[in-house]
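Following: one structure in structure tokens, then a few remarks.
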Amino acid sequence: MLAIARQRMLGQSFKKILPAVSVLRSYSSAAKQITVREALNSALDEEMSADPKVFLMGEEVGEYQGAYKITKGLLEKYGPERVLDTPITEAGFTGIGVGAAYYGLKPVVEFMTFNFSMQAIDHIINSAAKSNYMSAGQISVPIVFRGPNGAAAGVGAQHSQCYAAWYASCPGLKVLSPYNSEDARGLLKAAIRDPDPVVFLENELLYGESFPVSDEVLDSSFCLPIGKAKIEREGKDVTITAFSKMVGYALKVSEMLERDGIYAEVINLRSIRPLDRSTINTSVRKTNRLITVEEGFPQHGVGAEICASVVEESFSYLDAPVERIAGADVPMPYAANLERMAVPQVEDIVRAAKRACYRSVPLAATA
Amino acid sequence: MSLSHHHLNTNILPTLSATIPTPFPLVFSAPIVSFLSFISYSPLSLPSSPPIFSPFPSSLPTRKKMATAFSPSKFAAQPFPLNTTSQNNPLTIPTTASPFLGSTRKLIRLSSSSNLNIRRRSGTVVAVSDVVKENKSKSTLNLLITKEEGLELYEDMVLGRAFEDMCAQMYYRGKMFGFVHLYNGQEAISTGFIKLLKQQDSVVSTYRDHVHALSKGVSARAVMSELFGKTTGCCRGQGGSMHMFSREHNVLGGFAFIGEGIPVATGAAFTSKYKREVLKEADCDHVTLAFFGDGTCNNGQFFECLNMAALWKLPIVFVVENNLWAIGMSHLRATSDPQIYKKGPAFGMPGVHVDGMDVLKVREVAKEAIGRARRGEGPTLVECETYRFRGHSLADPDELRDPAEKAHYAARDPITALKKYLIENSLASEADLKAIDKKIDEVVEEAVEFADESPVPPRSQLLENVFADPKGFGIGPDGQYRCEDPKFTEGTAQV
């Protein structure tokens with residue numbers, strides 16, 4: 001009884017902050033299906049037409065229509081002055097984007113994958129993230145760095161790293177990671193309108209997947225708040241947090257667990273920095289068990305931060321140790337079977353959930 | 001072409017000669033000539049006129065004497081060829097070592113190819129000929145600056161010098177801390193370039209940025225407070241010595257990593273072009289200056305930006321403050337081809353070399369380069385030969401530099417040189433200049449007092465300014481955005 005009352009109260013407080021949450025939850029009755037690629041393309045298109053200061057910059061964003069076709073058609077529509085094909089000089093063009101942002105232009109810098117952002121990370125962190133602080137608010141940097149992050153299929157070690165944890169540890173940055181089309185549209189629009197540097201981590205394998213969207217999502221003023229996680233599916237037995245592709249896995253897992261009578265609550269983080277600790281902790285206090293799922297390396301990862309946050313704030317509510325599911329602690333191998341082993345699979349998450357709920361299966365040794 | 005240029009130069013530019021004539025006038029003095037960068041470096045392409053770069057034709061013999069004044073042990077001890085007769089013969093070579101730009105072997109080697117380069121590259125120097133013709137008509141005036149300009153330049157350089165000296169004092173008294181990099185000796189570059197800018201033009205610098213900020217207009221009080229870490233500093237004490245930012249004066253930092261400021265400067269120039277072409281602010285002709293050192297010229301970002309600036313014809317001037325040393329690494333030990341200005345034409349922009357200890361020469365080059373940028377003709381690379389009188393930072397024991405080299409450049413102090421020029425040309429009297437000295441001393445003292453009396457930042461300032469949109473701190477345990485909690489900025493709320 002108390003639990004139900006608590007749930008209703010929490011529902012009310014969520015409504016205060018995100019009044020549209022009930023609309024968004026009812027996606028099953030929506031009319032249209034769009035792919036994540038279309039969602040991103042339309043978001044860029046709308047933001048560029050609304051504000052002439054927004055411009056795109058990156059390798060192959062123009063004539064090639066985007067390395068992953070995200071920026072398709074934008075060169076024809078806005079011209080080469082606003083959709084810039086850059087030479088292969090990440091450090092250089094990222095710095096140029098930051099310099100332009102110092103003056104109030106709103107660049108959207110695309111990295112072909114976030115692995116290449118390592119060549120430009122000096123500018124992302126030192127010139128962009130820290131500038132507002134170093135200049136005491138005089139110079140803000142309204143820039144968006146976007147691109148695919150994390151593992152794709154068979155691309156090897158240097159193209160498969162997940163950078164969520166690295167960027168999320170740096171103050172001054174906002175780090176977002178969408179899952180479905182609605183997330184992609186809403187978060188990208190919010191990122192472009194935001195006056196601070198935003199790292200927007202997409203996922204290559206999700207680009208082609210289509211998701212149903214409501215009319216509200218398709219409206220050109222649609223925007224999601226930065227810093228709020230979404231509860232994709234409500235449950236009462238175990239909380240599963242995930243972001244990007246792993247949300248899809250977590251939802252599949254929750255369906256499988258339902259057959260065994262375990263009702264999992266799936267949280268789509270959406271915003272890695274700032275992390276919505278409030279939603280996570282509230283959920284844990286309800287379910288008393290937590291599993292964090294991510295694709296990146298385990299040490300110092302997103303799951304580690306969530307675990308620490310929960311232990312600090314909701315320790316007495318935990319009925320089982322927090323389970324962290326992460327990628328294997330190895331550079332991504334190339335062979336298909338090894339790659340499958342190096343990334344969390346649905347079965348791993350199911351096993352972890354059962355361990356958290358029953359503690360009947362002993363912890364398997366992790367790589 | 002080279003002959004005519006040299007002829008012109010005899011009339012136009014009485015140089016500021018310090019008591020000892022510049023060692024290699026062939027290379028540095030005339031900014032106009034130095035636009036033809038490859039020519040100016042090749043002694044063999046000089047005509048047989050008297051040495052044009054020093055006002056005293058008789059200085060040729062003194063030049064030789066000069067050359068022996070010091071012999072840096074670290075440089076390639078190659079004789080430097082002097083051209084006194086016809087154009088193409090290698091001539092009597094003094095058996096003295098070159099004080100600068102070692103690897104004179106390369107200079108000799110280059111000379112033969114330079115003539116080819118001239119013809120091939122004539123496109124990049126066409127713009128100069130107009131300026132040259134203009135200057136020729138002005139040559140009757142024989143002076144580069146008016147009295148007001150002269151005093152303004154003098155005051156700015158003295159401010160830079162006095163300020164930096166005061167910084168050193170304050171550092172050793174413990175009022176300043178961390179990394180402090182002083183600009184003594186390089187004032188001519190900052191003054192020469194920045195005093196030609198408007199307020200909306202921007203300057204991007206490195207960690208050696210105090211004087212750039214001062215020249216651009218940031219008050220001495222604000223800079224001094226920032227160095228003391230007080231809340232009245234230009235960045236409220238949050239930036240420090242290496243991170244001077246000013247929105248009002250368009251000083252975009254202050255970057256600790258070398259090479260980091262160059263792409264940012266290129267971006268600011270890009271904004272200027274974008275505003276003009278896309279946002280249709282038709283009269284936007286803001287120029288950006290990027291200042292950096294010789295060590296930076298080996299960094300990838302430098303080349304990346306030379307490429308993109310030339311490719312997109314951005315209104316930027318890349319100013320290399322070549323003081324020959326990157327902490328303890330000599331430029332010659334670190335660079336395969338030490339002539340940095342040559343890297344400009346490789347990317348399709350003019351590369352110019354100028355004597356950075358001579359503020360009037362720097363100013364002439366700067367006028368042309370900034371003018372080019374404003375007219376939309378694209379970027380320029382300007383290499384200024386200069387020297388820092390102190391170590392790399394106040395923590396640098398400065399043991400590796402030859403004292404003879406230091407003495408040589410100390411004798412070419414830009415402030416002394418300008419003073420001499422002003423007095424000799426009756427633009428100002430000793431009394432005027434002394435009055436300026438005194439005024440600057442007072443300004444600097446007052447800045448120190450102001451900084452001393454200013455408060456340190458309060459505790460609540462720690463979390464401020466991380467984001468422009470403070471919702472970036474996320475949601476607190478009560479489900480509200482943290483920034484809406486009134487205790488947040490007091491530092492008592494949990495972050």
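Every read-out reported here was derived from the displayed coordinates using simple, explicitly stated rules and does not represent laboratory data. Note that the structure is a prediction, hence the values are computed from the model and not measured. Cβ coordinates were reconstructed from backbone atoms using ideal geometry, including for glycine residues, and neighbour counts include every protein chain displayed.
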Angle between chain A longest axis and helix A:2-17 axis [Cα atoms, degrees, rounded to 10]: 10
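What ranking, highest mean first, results for peptides B:204-210, B:461-467, A:256-262, B:154-160 when packing means the other Cβ atoms within 10 Å averaged over each residue?
The packing order, highest mean first, is B:204-210, B:154-160, B:461-467, A:256-262.
For region B:147-457, rounded, prolate or oblate, judged on the Cα gyration tensor with a ≥ b ≥ c (square roots of eigenvalues), a/c < 1.5 rounded, else prolate if a/b > b/c?
Values: a/c = 1.33, a/b = 1.25, b/c = 1.06.
Verdict is rounded for region B:147-457.
Rank-order B:383-396, B:286-299, B:415-428, A:178-191 by packing density, defined as the average count of other C-beta atoms within 10 Å over each peptide's residues, highest first. Intermediate values should be presented prior to the final figure.
Values: B:383-396: 21.1, B:286-299: 24.5, B:415-428: 18.4, A:178-191: 26.8.
The most tightly packed comes first, giving A:178-191, B:286-299, B:383-396, B:415-428.
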Exposure proxy order (Cβ contacts within 10 Å, fewest to most) of A:103, B:341: A:103, B:341
Estimated translational D of region B:153-243 in µm²/s (Stokes, Kirkwood radius over Cα pairs; 4 °C; 1.567 mPa s): 99
Three-way shape label, region A:33-218, alpha-carbon gyration tensor, a/c 1.5: rounded
Around residue A:239: net Lys/Arg minus Asp/Glu count, Cβ-Cβ under 10 Å: +2
Amide H contacts of residue B:389 (H built 1.01 Å from N, under 5 Å, at least 5 apart or other chain): B:184, B:185, B:186
Share antiparallel - DSSP beta bridges, region B:147-457, percent rounded to 5: 15
Folded to 0 to 90 degrees: helix A:245-259 orientation relative to chain A principal axis, Cα: 20
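Kindly work out what percent of the DSSP beta bridges joining two residues of chain A are antiparallel, to the nearest 5. Intermediate results must be reported in sequence, preceding the final value.
Working: 9 of 39 bridges.
About 25 percent, rounded to the nearest 5.
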Size of electric dipole in region A:230-357: Cβ of Lys, Arg +1 and of Asp, Glu -1, about Cα centre, debye, nearest 20: 160
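Apply the a/c threshold of 1.5 to the C-alpha gyration tensor of region B:372-495 and tell me whether it is rounded, prolate or oblate. Can you show the working numbers first?
Details: a/c = 2.42, a/b = 2.15, b/c = 1.13.
In terms of gyration-tensor shape, prolate.
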Listed peptides B:278-285, A:85-92 by packing density, highest first (mean Cβ within 10 Å): A:85-92, B:278-285
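How charged is the neighbourhood of residue B:195? Take every other residue with its Cβ under 12 Å from the Cβ of residue B:195, and add Lys/Arg as +1 and Asp/Glu as -1.
-3
Provide a whole-number value for the mean count of partner chain Cβ atoms within 10 Å of the Cβ atoms in peptide A:84-92.
Details: counts 4, 0, 4, 4, 1, 8, 2, 9, 15.
The mean count of partner-chain Cβ atoms within 10 Å per residue comes to 5.
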Efficiency of FRET between residue B:248 and residue B:375 - r from beta-carbon atoms, R0 45 angstrom, step 0.05: 0.95
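Just want to confirm a number: the relative contact order over chain A, from Cα pairs under 8 angstrom separated by 6+ residues, in percent. Display every interim value, and only then the final one.
Details: 754 pairs, mean separation 53.8, N = 367.
Taking the mean separation of contacting Cα pairs over the length of chain A, I get 15 percent.
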Residue exposure sequence - A:166, B:312 - by fewest surrounding Cβ within 10 Å: B:312, A:166
Crossing angle, helix A:302-314 versus chain A [Cα axis fit, 0-90 degrees, rounded to tens]: 50
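Could you compute the net charge surrounding residue A:160? Neighbours are other residues with a C-beta less than 15 Å from the C-beta of residue A:160; K and R count +1, D and E count -1.
Details: positive: A:245, A:340; negative: A:202, A:204, A:294, A:295, A:329, A:339.
Computed value for this residue: -4.
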